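First comes the structure, then the notes that go with it.
The values are calculated or read from the model by the stated rules, or taken from the named source; none is laboratory data. If you're wondering where the values come from, they're calculated on a predicted model, not measured in any experiment. Quick reminder, even Gly has a Cβ in these numbers, built from the backbone with ideal geometry, and neighbours come from all protein chains shown.
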Amino acid sequence: MNRTKPKLLIFSHICNPVLVTGGEKVLSLFLQELVIHYDCVMIVPEFGAIAHKAKSIGIRTVVLDIPLCFSLYTCAPSVFQEIETLKQQPAWRTVHALLAHERPDVVMVNTSVHPLPAMAAYSRGIPTVWLLMETLYDTVHRDKCAAFIAANCDIIVGMSRTVLKPFQGVKHARKTYKMPPYLKLDELVPGVWPQARTQLRRLYRWKDEHCVVGFIAATIYPNKGQLQFVEAMLPIAAENPNARFLIVGSQVDEGHYMACRTRVLKAGFEDRFVFYPFAEHIHQVYPAMDIVVVPSLMTEGFGMTSLEGMMFGKAVVAYSSGGLAEILTATGNERFLVPKGDISGLTERVRWLVKDETYRLVIAKRNSDAALREFGVDRFRVKLSALMAMIDVIPKNRPPIPVPVLTAPQDAPAPTPSRARTISARSNRQIRTISKRKKTRPTARRNLHRPTGRAHPVRRRSSRTTRAVGRARRHKSVRRRAKR
C-alpha cells in the first residue's frame, strides 16, 4: 500500500485518564500540527485524555506499557544500571517487535524518562527525534546523561534554551533544535470568557472592584511554589481589603496542602483565599483572575502556565526559573521576573499591580498581543517546517547499530534456562498480538537446556527400573523374616 505521507511513531511516556499535565498539553499541541504532514501513530501506556484527543483528529493509537527511567531525568548515579535492567525486561523485545511491524519512517520520543523507544529506534537505523520538555537535574552525572541521550537520537528538540543547555559541547549531539510550543487563541474559547468570569466570581461573592490574584497548576506539590505564593500574598491581604486569592490545582501532597491551609487560617484570611480543585477546562478559571503568579522553585523547561496567563490577557509575575525567564523576556515582561525564592520580590511586584488597575489593564492587553505574536501557531509552523527539513536529510537506510552494554544490570542476575524459555514465550505472544499475524508456536523440546557432560540433577526412573527396584526390596524383606 502506497502512503502519501511518511509514517511517524510518537511514544508518549504518560496518558492520564482525566488530569492532563503540562507535558501532555504540549504533546497534544504538537500532534495537531504533525498529523497534517505525517501518518501518525501514537504509542501510549494506557488509553487516556490525550489518546482520546489524538483519535478525534485521526491518529491511530497503540497501547503498550513501556517501563520508564526517571533516573535519566534526575541524573542519578544508578542511571545506566537501571537502563540495563530495563533492557532485560520483555518490553524491550516488544518495542523492537512493534518497530519491525509498523516500519515507521521517523520515530519521536517524548521526555527524557522514556529511553527504551529511542534506543530501539536509533539502533535499527530509524531517524529518531527526542523531544525534551524538562531540564535535566544539575548533578555531577548530568554530562553523562546528556551524552547518552545525544548518542541515541538524531535530533534533540528542546522547548527552550534552558532545556538544551546540558547538550552544549556534548560531542555526540548531532543536532539540537529549540522549538517552543504554541497556543491557539480560538482553542481557549474567548467567547465564553465574560460568562466564565462572572460565574466563578459570583460563586465566591467577588465583586468587580475585587482584584483576584491566581496560582494554577495541574498537580500541586512543594516545588510548584504554592507555599511561596501564600507567604507572598499574606502581606497584600493584610493591607488591601479588595485583594482576593485563587489557588487552582490537584493537591497531591496532603502535608504540603495542610501547611498552606494552616498558614492562611492562622493569618485570619481564610475568607480571602480559595483552594479550587483541578480544572480540566482552563477557560473556566483563568478569566476570573486579574493577575497570574508562577512562583516555581524548579528549573522549568518552559512554563506553560505563564504563557496561558498572557494569552488570557492577564498580568503575569514569575520566578526567574529556567524557561519562565525566557517567556517573560520574549514578551517584554522582564520587570515582572523575580529571583527564585525571593518572596518579598513577589509581594512587591504583585502589590504594584493590585494597586494600579489602569496600569494592570495595559500590561494585560500588551501580554495578550505579545504572547500571540511570539508563541502563536504561525510561528510554530515555521519552526516545524525547519525541523521537517532536518529530518528529511537524515539517511533513511542506515545499517543497524548494536546497542552497547552500558554497565552490569543492577540486582538483575542472569536468567536461569527455564526462566529464559518463559520470557521468550511471553515475548512471542506479545509480538503476535502486535503484528496480528498467525504464527505457529515453536515446539518445546525436552531437555533443551540440560547441561552437558554430567548427569542431570534430577533423573526420572523408567518403569522397568522401578519394577526391578520393587522386587529387590520385597526379596530383602523376605530374607530378613527368614533369619528371625
Original post:
Restricting attention to region 298-332, which residues are closer than 14 Å to Phe215 by Cβ, under 22 Å from the mean Cα position of the chain (by Cα) and part of a loop (DSSP other than H, G, I, E, B)?
Top reply: Gly303
**OP:** Any chance you could count how many residues in region 221-250 are of a type in the set (Val, Ile, Thr), assigned to a helix (DSSP H, G or I) and within 19 Å of Thr305 (Cα to Cα)?
**Re:** 1
Subject >> Hits in region 18-33 - residues which are in a helix (DSSP H, G or I) and hydroxyl-bearing (Ser, Thr, Tyr) >> reply: Ser28
**OP:** Identify, from the list Leu86, Leu29, the residue that is under 28 Å from Asp392 (Cα atoms) and out of contact with any Ser or Thr (no Cβ under 7 Å at 6 or more places or on another chain).
**Re:** Leu29
Subject >> Members of region 183-209 found to be outside any helix (DSSP H, G or I) and under 30 Å from Asp253 (Cα atoms), listed by number >> reply: Leu183, Tyr204, Arg205, Trp206
**OP:** Mind telling me which of the residues Ser56, Ser71 ends up being free of Cβ contacts under 8 Å to residues at least 12 places away in the same chain and under 29 Å from Lys144 (Cα atoms)?
**Re:** Ser71
Subject >> Qualifying positions in region 336-395 - within 17 Å of Met304 (Cα to Cα) and not in a helix (DSSP H, G or I) >> reply: Leu337, Gly376
**OP:** Run down Ala151, Ala120 and say which single residue is among the aliphatic types (A, V, I, L, M) and crowded, with 22+ Cβ neighbours inside 10 Å.
**Re:** Ala120
**OP:** For Thr331, state whether it is of a type outside the set (Gly, Ala, Ser), over 20 Å from Ala232 (Cα atoms) and outside the structural domain of Met159 (by TED's automatic domain parsing).
**Re:** yes
**OP:** List every residue pair whose Cβ atoms lie under 9 Å apart, where the two residues are 6 or more positions apart in sequence or sit on different chains, the first residue falls within region 222-243 and is free of Cβ contacts under 8 Å to residues at least 40 places away in the same chain, and the second residue, located anywhere, is part of a helix (DSSP H, G or I) and of a type in the set (S, T, N, Q).
**Re:** Leu234/Thr347
Original post:
When region 87-115 is examined, which residues are found to be under 18 Å from the mean Cα position of the chain (by Cα) and either surrounded by fewer than 22 Cβ atoms within 10 Å (Cβ to Cβ) or among the polar types (S, T, N, Q) (or both)?
Top reply: Asn110, Thr111, Ser112, Val113
Original post:
Quick one: would you say Val157 is in a helix (DSSP H, G or I), of a type in the set (A, V, I, L, M) and closer than 30 Å to Leu372 by Cβ?
Top reply: no
**OP:** Please note which helices (runs of 4 or more DSSP H) are completely contained in region 40-97 and include at least 1 residues that are among the hydroxyl-bearing types (Ser, Thr, Tyr) and closer than 30 Å to Pro6 by Cα.
**Re:** 49-56
Original post:
Any residue in region 82-92 that is closer than 21 Å to Lys25 by Cβ and touching a residue at least 24 places away in the same chain (Cβ under 8 Å)?
Top reply: no
